[in-house]
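The values are calculated or read from the model by the stated rules, or taken from the named source; none is laboratory data. As the structure is a prediction and not an experimental result, all values here were calculated from the model. All Cβ positions, even for glycine, are placed from backbone atoms using ideal geometry, and neighbour counts span all protein chains on display. Remember, those area values only see protein heavy atoms, side chains included, never the ligands or the DNA or RNA. Shrake-Rupley method; radii C 1.70, N 1.55, O 1.52, S 1.80 Å.
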Amino acid sequence: MGVDARTATRVVGVVVAWNRRDLLAQTLSGLAAQTRGLDGLVVIDNASTDDSAALARAHPGVTEVVTLPHNTGGAGGFAAGIARAVATHDADLVWLMDDDTVPTPTALEALLDARAAYPGRVSVAASRADWRDGREHPMNRPRPRPGASRVLRGAAAMADAVPIRSASFVSILVDAAAVRRHGLPEADYFLWNDDFEYTARLLRDGVGLYVPASRVYHLTKVFGSSDADPGPRFVNEVRNKLWVFTRSDALGPADRVLYAGATALRWARMLARSPHRGPLLAWGREGLAAGVRAPRPTRQVLAGTPVAADVEQIERGAGRA
């Protein structure tokens with residue numbers, strides 16, 4: 001009898017949590033209800049001031065809670081979680097999500113089915129993320145792969161999937177071999193564009209699939225796309241996009257032109273719609289000034305944390321230390 005790769009593969013979940021204990025409870029319940037259970041679950045507590053860590057430690061499905069000494073943002077949290085899952089928990093695949101993401105019972109099974117049906121290795125498989133009312137959340141729709149060949153599109157279709165170039169951290173299944181080759185997310189991004197940079201880096205020469213059959217709910221406060229007015233977070237948006245375009249090897253020359261142009265158009269729409277153009281422009285200038293310096297290495301950002309040795313192991317193996 002043959003071995004079913006979907007059950008033989010070791011899948012470790014990573015949830016990054018910060019001060020949303022009620023949403024975290026829903027996330028953990030959704031993970032516990034999976035038709036294909038996880039082989040391990042790591043919760044990264046980003047120095048929450050509520051009882052998120054205690055709630056996670058009390059949950060029977062959680063393997064480990066890692067509390068960081070200070071809030072490292074989504075970027076640092078996912079870097080820490082991926083490092084822990086791969087280096088300490090021996091994951092073959094790492095399933096990533098925020099603490100406001102609630103997977104439907106077959107979400108993981110559908111991702112694994114797509115990987116099994118695809119005739120080749122898959123670096124990233126992404127779920128469909130819906131808002132609380134069932135509409136697909138526009139901020140989480142993965143970017144299709146520009147110029148995908150007929151062969152690649154046909155291979156993806158065999159898995160009922162679409163080839164993608166990048167995705168968000170709202171429910172993606174990442175191959176640990178790709179992590180060991182390309183390293184971890186850039187923790188210094190703190191928030192915004194860290195998932196774009198990281199998945200684009202993994203998928204520059206790897207295969208990514210958008211799997212609509214895998215469904216999760218992304219329970220943000222409002223329904224909106226990435227061109228909504230971000231307020232002060234526009235500093236991070238501008239700084240991090242500048243880092244992506246000038247400091248990262250995630251994009252080739254054609255990609256840089258394509259995505260830089262799309263970014264400029266999106267910022268123009270944002271400014272045109274916003275009633276707070278003056279503050280937005282000021283935050284944009286602040287982001288441009290901050291983007292001149294390079295981001296600190298992830299191992300430096302996470303030095304002195306409980307995952308420092310794991311981060312060092314992964315980054316050194318990928319030639320990024």
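What does the net charge come to around HIS89 if you take all other residues with beta carbon closer than 11 Å to its beta carbon, with K and R at +1 and D and E at -1? Write out the running numbers ahead of the final one.
Numbers: positive: ARG10, ARG84; negative: ASP39, GLU64, ASP90, ASP92, ASP310.
Once positives and negatives cancel, what remains is -3.
Compute the separation of the alpha-carbon centres of region 1-80 and region 112-159 and state it in Å as a whole number.
If you average the Cα positions of each part, the centres end up 23 Å apart.
Please work out the ratio of the alpha-carbon Rg of region 61-178 to 2.2 N^0.38 Å and round it to two decimals. Display every interim value, and only then the final one.
Working: Rg = 15.3 Å, N = 118, 2.2 N^0.38 = 13.5 Å.
Here the answer is 1.13, to two decimals.
Order these peptides, 104-110, 207-213, by their mean beta-carbon neighbour count within 10 angstrom, highest first.
Values: 104-110: 20.6, 207-213: 23.3.
Highest mean packing first, the order is 207-213, 104-110.
Leaving out ligands, DNA and RNA, and with a 1.4 Å probe, what % of the accessible surface on region 89-236 is carbon or sulfur?
On the way: 2910 of 5550 Å².
C and S fraction of accessible area: 52 percent.
Answer with one residue from ALA294, ASN46, VAL86: the one whose Cα lies farthest towards the positive end of the charge dipole of the chain, charges on Cβ with Lys, Arg +1 and Asp, Glu -1.
Most positive-ward Cα: ALA294.
Using Cα pairs under 8 angstrom and six or more residues apart, how large is the relative contact order of region 197-297, in percent? Before the final figure, lay out the partial values.
On the way: 64 pairs, mean separation 44.0, N = 101.
The value is 44 percent.
Keeping all protein chains in place, calculate the accessible area per residue for the chain (probe 1.4 angstrom), answer in Å². Before the final figure, lay out each step's value.
Values: 13500 Å² over 321 residues.
Per residue, the chain has an accessible area of 42 Å².
Modelling each spin label as a point 7 Å along the Cα-to-Cβ direction, I'd like the ARG247/ALA58 distance in nm, to one decimal.
According to this spin-label approximation, the distance is 4.1 nm.
Take every Cα pair under 8 Å in region 40-159 that's 6+ residues apart, average their separations, divide by the length, and report that relative contact order as a whole percent.
Numbers: 93 pairs, mean separation 21.9, N = 120.
Value for region 40-159: 18 percent.
Quick check for me: using +1 on Lys/Arg Cβ and -1 on Asp/Glu Cβ, what's the dipole size of region 1-128 about its Cα centre, in debye to the nearest 20? Before the final figure, lay out each step's value.
On the way: 10 positive and 14 negative charges, 59 e Å.
Using Cβ point charges on Lys, Arg, Asp and Glu, region 1-128 gives about 280 debye.
Identify which of the listed values of semi-axes √(5λ) of the Cα gyration tensor in Å was calculated from the structure shown: [x] 31, 24, 18; [y] 28, 24, 20; [z] 36, 22, 18.
Structure-derived value, by its label: [y].
What ranking, highest mean first, results for peptides 280-289, 114-123 when packing means the other Cβ atoms within 10 Å averaged over each residue?
On the way: 280-289: 16.1, 114-123: 17.6.
Ranking, from highest mean packing down: 114-123, 280-289.
Antiparallel as a % of all DSSP beta bridges within the chain, to the nearest 5?
Details: 15 of 38 bridges.
Expressed as a percentage, antiparallel bridges in the chain total about 40.
Of the heavy-atom accessible surface of region 254-297 (probe 1.4 angstrom), what whole percent is carbon and sulfur? It would help to have the intermediate numbers written out before the result.
On the way: 1900 of 2760 Å².
Carbon and sulfur together cover 69 percent of it.
Which net charge results when you count Lys and Arg as +1 and Asp and Glu as -1 among the other residues whose beta-carbon is under 13 Å from that of LEU24? Please report the intermediate quantities before stating the final value.
Working: positive: ARG20, ARG21, ARG57; negative: ASP22, ASP45, ASP50, ASP51, ASP98, ASP99, ASP100.
Its environment carries a net charge of -4.
Considering amide H positions built from the backbone, and no H for Pro or chain starts, which residues 5 or more places from ILE164, or on another chain, come under 5 Å of its amide H?
ARG145, GLY208, LEU209, TYR210
Assuming R0 = 56 Å, can you tell me the calculated FRET efficiency for the pair ARG316 and THR106, based on Cβ-Cβ distance, to the nearest 0.05?
Working: r = 37 Å, r/R0 = 0.67.
Working from the Cβ atoms, E equals 0.90.
When a/c is below 1.5 the answer is rounded, else prolate if a/b is larger than b/c, else oblate, so apply that to region 240-293 with a ≥ b ≥ c taken from the square roots of the Cα gyration tensor eigenvalues. The partial results should precede the final answer.
Working: a/c = 4.45, a/b = 1.51, b/c = 2.95.
Since a/c reaches 1.5 but b/c is at least a/b, the shape of region 240-293 is classed as oblate.
Placing +1 on the Cβ of each Lys and Arg and -1 on the Cβ of each Asp and Glu in the chain, which of VAL174, ALA308, GLY319 has its Cα farthest towards the positive end of the resulting dipole?
Farthest towards the positive pole: GLY319.
If amide hydrogens are placed 1.01 Å from N in the peptide plane, which non-local residues have theirs closer than 5 Å to the one on ALA47?
LEU68
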